[in-house]
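These notes concern the structure reproduced below.
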Amino acid sequence: MSLARAHVIIKGRVQGVFFRAEARRKAEELGLTGWGRNNPDGAVEAVAEGDTDMVEKFVNWCHEGPPRARVTAIEVSRSGATGEFTHFTID
């Protein structure tokens, strides 16, 4: 199994629509670790680590998010997994 890390910044109507809670649920479903948080500029930021294919599924999910979200842009940085997380948390 190949491990990967994705750092994503999701812009649009993504705060106040349960984006972080649903991102955590999706990450746990995919067996990923990392974190998600709201940024002061209205974006949601997340880091996800785990199996490369599952990380890509998470990134793809971030393009849509939960039903009430309206994603207008997403920035993704990919790198190797660090193994620093034990589960997926939200702030």
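The values are calculated or read from the model by the stated rules, or taken from the named source; none is laboratory data. The shown structure was predicted, so the numbers you read here are calculated from the model rather than taken from an experiment. With ideal geometry, Cβ positions are generated from the backbone for all residues, glycine too; neighbour counts draw on all protein chains shown. For accessibility, only protein heavy atoms count, side chains too; no ligands or nucleic acids. Shrake-Rupley method; radii C 1.70, N 1.55, O 1.52, S 1.80 Å.
Worth a mention:
- Among strands (runs of 3 or more DSSP E) entirely within the stretch 15-91, having at least 3 residues that are open to solvent by less than 40 Å² (accessible area, probe 1.4 Å) and over 13 Å from Arg5 (Cα atoms) singles out no element at all.
- Selection within the stretch 60-91: residues that are of a type in the set (A, V, I, L, M, F, W, C) and closer than 15 Å to Arg24 by Cβ. The member of this set that is nearest to the chain's Cα centre (by Cα) is Cys62.
- Residue match in the stretch 5-28 (condition: among the acidic types (Asp, Glu) and more than 20 Å from Asp91 (Cβ to Cβ)): no
- Whenever a residue of the stretch 8-28 is on the phi < 0 side of the Ramachandran plot, its partners that are surrounded by fewer than 21 Cβ atoms within 10 Å (Cβ to Cβ) and of a type in the set (Lys, Arg), lying with C-beta atoms within less than 6 angstrom and at least six residues away or across chains, give the pairs Arg13/Arg70; Val17/Arg68.
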